[in-house]
Amino acid sequence: MSNEKNNSHGYMTVGEVAKKMGVTVRTLQYYDKEGLVSPSSISEGGRRLYSDKDLILLHQILSLKSLGFSLDDIKNKLPSLDTPQDVAKILSNQAADIKNKIQSLEKTLSSIEQLKSEVLQMQSVDFKKYADIIVNLQMENEYYYLIKKFDDDVLDHVRNQFTKDSGLDFLARFNHLSDELLKLKRANENPKSEKSQKITKEYWNLIMEFTNGDMSLLPKLMEMGKIQNATNEIEEKQVEINDFLESALEFYFSTLQQNPFENVGGN
């Protein structure tokens, strides 16, 4: 704090700052105690006074706090404000923080709206499925909507088979192969061609990885993958992929001279 001021012109008392900035006197006292922002001066009568520069600093603190930063985080984010460049730097940082927060909130809002849509489509209240949908939305799994079709056995299998990291890795490989199959379909590639069969084999191996040897899951997976009436772009893409896969897998199994659905009651 600077030396005692004979003239308090341009300075504000704690009460005046609290009223102007919409905070309590106790909050200002706490920020002072924590070393975040302290009155720069003192009046002849011993009153603690804030300068305009102090108010700018306080504004930064309140803004960062509204973005969810802890006071410890804020301490590390407050540089000196001695030059225009210093002020511009912290304003740029603050703008970047706000943009990141907006993106995070938009993502959260989208997840909430998607979850609401799935909840309304389900025939009963199932909090375990709700939780699974939330996790998959956070993982940005575009096939999250399939979860409402999963029965308890399939859901338990997924929970036991995958961690978040291994699940993300599996999804990345699944999405890549799905995109490759879609390209083949749209390029009118013959499902029996060497190129098509290579991708089909990789896709089938991925399905086997998912089941982890539990062949009873195959009919369920195939049934869940069927789409009668596509309602969005993702489902429209899946219809194209399914159309290509049907012929590609049929030929793939014929070359292996085996039908993996023979002994599981599926077709």
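Of note:
The rows are residues; the columns are (1) open to solvent by 90 Å² or more (accessible area, probe 1.4 Å); (2) at pLDDT below 80; (3) part of a helix (DSSP H, G or I); (4) not hydrophobic (A, V, I, L, M, F, W, C).
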residue: Leu28; (1), (2), (3), (4): no, no, yes, no
residue: Val37; (1), (2), (3), (4): no, no, no, no
residue: Ile42; (1), (2), (3), (4): no, no, no, no
residue: Leu62; (1), (2), (3), (4): no, no, yes, no
residue: Gly68; (1), (2), (3), (4): no, yes, no, yes
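- Subset of the range 28-53 (residues that are farther than 22 Å from Ala95 by Cβ, in contact with a helix residue (DSSP H, G or I) (Cβ under 9 Å, 6 or more places away or on another chain) and of a type outside the set (Ser, Thr, Tyr)): Leu28, Gln29, Asp32, Glu34, Gly35, Pro39, Arg47, Arg48, Leu49
- The number of residues in the range 44-54 that are without any contact (Cβ under 8 Å) to a residue 40 or more places away in the chain, exposed (fewer than 15 other Cβ atoms within 10 Å of the Cβ) and not in a helix (DSSP H, G or I) comes to 2.
To keep it simple, each residue is scored yes or no on (1) at pLDDT below 75; (2) in a helix (DSSP H, G or I); (3) of a type in the set (Phe, Trp, Tyr).
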{"residue": "Ala95", "(1), (2), (3)": "no, yes, no"}
{"residue": "Ile98", "(1), (2), (3)": "no, yes, no"}
{"residue": "Glu113", "(1), (2), (3)": "no, yes, no"}
{"residue": "Gln123", "(1), (2), (3)": "yes, no, no"}
{"residue": "Lys129", "(1), (2), (3)": "yes, yes, no"}
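- Scanning the range 6-19 for residues that are at pLDDT below 90 and open to solvent by 70 Å² or more (accessible area, probe 1.4 Å), we see that the one that is nearest to the chain's Cα centre (by Cα) is His9.
- Residue in the range 156-172 that is closer than 18 Å to Met222 by Cα and more than 22 Å from the chain's Cα centre (by Cα) present: yes
- Listed by first and then second residue, the pairs with beta-carbon distance under 7 Å, at least 6 apart or on different chains, first residue in the range 236-256 and farther than 11 Å from Lys185 by Cα and among the small types (Gly, Ala, Ser), second at pLDDT below 90 and not in a helix (DSSP H, G or I), form an empty list.
- One residue stands out among those in the range 234-267 that are more than 22 Å from Glu180 (Cβ to Cβ) and in contact with a helix residue (DSSP H, G or I) (Cβ under 7 Å, 6 or more places away or on another chain): the one that is modelled with the highest pLDDT, which is Asn259.
- Asn229 within 24 Å of Val154 (Cβ to Cβ), more than 28 Å from the chain's Cα centre (by Cα) and open to solvent by 80 Å² or more (accessible area, probe 1.4 Å): yes
- Search result, residues across the range 180-198 that are free of Cβ contacts under 8 Å to residues at least 24 places away in the same chain, assigned to a helix (DSSP H, G or I) and either under 26 Å from Leu155 (Cβ atoms) or open to solvent by less than 60 Å² (accessible area, probe 1.4 Å) (or both): Glu180
The values are calculated or read from the model by the stated rules, or taken from the named source; none is laboratory data. All of these numbers come straight from a predicted model, not from anything done at the bench. So basically every Cβ, Gly included, is an ideal-geometry build from the backbone, and we count neighbours across all protein chains shown. SASA here: full protein model, heavy atoms, side chains in, ligands and nucleic acids out. Shrake-Rupley method; radii C 1.70, N 1.55, O 1.52, S 1.80 Å.
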